[in-house]
1. State yes or no: is Arg237 in a loop (DSSP other than H, G, I, E, B), open to solvent by 20 Å² or more (accessible area, probe 1.4 Å), modelled with pLDDT of 95 or more and within 23 Å of Arg126 (Cβ to Cβ)?
2. Is it the case that Ala141 is within 30 Å of Leu49 (Cα to Cα) and either away from ligand 1 (no atom under 16 Å from the Cβ) or modelled with pLDDT under 90 (or both)?
3. Of the numbered conditions (1) surrounded by fewer than 23 Cβ atoms within 10 Å (Cβ to Cβ); (2) modelled with pLDDT of 95 or more, Asn280 fails exactly one; give the number of that condition.
4. Pick out, from the range 252-366, the strands (runs of 3 or more DSSP E) lying fully within it that include 1 or more residues that are in contact (Cβ under 8 Å) with a residue 24 or more places away in the chain and among the basic types (Lys, Arg).
5. If you go through the range 209-234 one residue at a time, how many are in contact with a Lys or Arg (Cβ under 8 Å, 6 or more places away or on another chain) and either within 12 Å of ligand 2 (Cβ to nearest atom) or at pLDDT below 95 (or both)?
6. Do we have Ile230 as more than 18 Å from the chain's Cα centre (by Cα) and crowded, with 19+ Cβ neighbours inside 10 Å here?
7. Which numbered condition trips up Ala322, out of (1) away from ligand 1 (no atom under 16 Å from the Cβ); (2) under 27 Å from Val66 (Cβ atoms); (3) open to solvent by 20 Å² or more (accessible area, probe 1.4 Å); (4) in contact with a strand residue (DSSP E or B) (Cβ under 9 Å, 6 or more places away or on another chain)?
8. Exactly one of these conditions fails for Phe148: (1) at pLDDT 90 or above; (2) within 30 Å of Lys40 (Cα to Cα). Give me its number.
Amino acid sequence: MSKAVQIPVAGSMEASGEARIITRNGSLGDAPGRWQDSLKDMFTSYRELAAFLDLPIAAFDDLDAVTRQFPLRATRAFVSRIRRGDPDDPLLRQIMPDAKELQTSAATTTDPLAEKAFTTQAGVVRKYRHRALFILTGACAIHCRYCFRRHFPYEQHRQSRQLWDDTVAELAIDPELQEIILSGGDPLMLDDHALASLFSSLQQIPGLQRIRLHTRMPSVLPGRITSPLIELLRSCRQKVIVVNHINHAHEIDESVVQANRQLREVCTLLNQTVLLKGVNDSARAQIELSHALFDAGILPYYLHLPDAVDAAGHFMMAASTASELYAEMLTALPGYLVPRLVYEDPGYLSKVPLQPALESLTRKTL
Ligand SMILES: *Cc1c(COP(=O)(O)O)cnc(C)c1O
Ligand code: SF4
């Protein structure tokens, strides 16, 4: 299993296969580029994945129609944490295509967050005050079946370097802007060279205080967290925040702890989780996750209800179920290990907090 994978990239700021990395003194060094090699050695076939995990292939009957819409993609690092022979494994469920994805529903759309309406040609999404979100690339090291950007028209948001600089120059006029959020796809699919030039371009924004990266790489491809990357983040003038995207305690093994330990030297570490039916929709799973995150030096930030995106409706649960689960988390965890339970509604000026089920919090005896 070493089929070369074509990584779809959005323009010139891409994850290049070239192993050229900027060293601390700014010169271009020859790096081994091992994380790029791992990207070429991913699982992309559900048949191969099923065989590797000792799963009966019959249970995954003819999913080609599903993978044509959204291909399977998973790193060996992620797959190594999946229990063999268990079709209900919470990590497997995040990546294995499912015939349910072909069901249509009136409750879901291709663009649940109305991102089209908020997105400029250069792939900048501006919904909230003081923050601008950059969609840097469509590429990811893993394809999450519930992804809310699975239908995002990345190709309409190609970034040329020129467009990029123009965008930053435009943003620089806004005196309110304090934070740039790098998203995608996965911003750490860009190589260090591209990230370095992006960071230097962002220095044009006068009021910029923080740069935030939303990424699954520290957990799905810990090898991406290299010393040159750490040095790059260290050299950044603004505070850097890395928001991990880990959904289940089983995703955190020693390599993930190590990667985050390195990151922690130079940035603040947070995590966001998506609450997914059949994956992590129990208070026990969430409580375990909070503990595991803390042990890895990461604080829980958001627990998102899944967005109502086409093909991922089977991951959604009733808001009341989520509220009950959340009340249980509140009673079992110290406040700093409780993420904020939120959902996104394009009509609001921030993510919308969901209340815990108060009857579950009520003291029964006095
Ligand atoms: C989620 C999101 C942000 C960040 O919101 P925070 O509450 O600061 O984490 C910013 N812009 C867009 C478009 C978002 O979807
Ligand atoms: S890593 Fe993020 S953007 Fe990429 S498929 Fe998963 S949820 Fe979607």
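1. Values: in a loop (DSSP other than H, G, I, E, B): yes; open to solvent by 20 Å² or more (accessible area, probe 1.4 Å): yes; modelled with pLDDT of 95 or more: yes; within 23 Å of Arg126 (Cβ to Cβ): yes.
Yes: the conditions hold for Arg237.
2. Values: within 30 Å of Leu49 (Cα to Cα): yes; either away from ligand 1 (no atom under 16 Å from the Cβ) or modelled with pLDDT under 90 (or both): yes.
Yes: the conditions hold for Ala141.
3. Here Asn280 meets the rest and fails (1).
4. Working: elements: 268-274, 299-304, 340-343.
It comes to 340-343.
5. Within the range 209-234, residues that are in contact with a Lys or Arg (Cβ under 8 Å, 6 or more places away or on another chain) and either within 12 Å of ligand 2 (Cβ to nearest atom) or at pLDDT below 95 (or both) number 2.
6. No: the conditions fail for Ile230.
7. Of (1) away from ligand 1 (no atom under 16 Å from the Cβ); (2) under 27 Å from Val66 (Cβ atoms); (3) open to solvent by 20 Å² or more (accessible area, probe 1.4 Å); (4) in contact with a strand residue (DSSP E or B) (Cβ under 9 Å, 6 or more places away or on another chain), only one is false for Ala322: (3).
8. Of the numbered conditions (1) at pLDDT 90 or above; (2) within 30 Å of Lys40 (Cα to Cα), the odd one out for Phe148 is (1).
The values are calculated or read from the model by the stated rules, or taken from the named source; none is laboratory data. Remember, it's a predicted structure, so these values are computed and weren't measured experimentally. As a convention, Cβ positions derive from the backbone with ideal geometry for all residues, glycine included, and neighbour counts pool all protein chains shown. Surface areas here come from the heavy atoms of the whole protein model, side chains and all, with no ligands, DNA or RNA. Shrake-Rupley method; radii C 1.70, N 1.55, O 1.52, S 1.80 Å.
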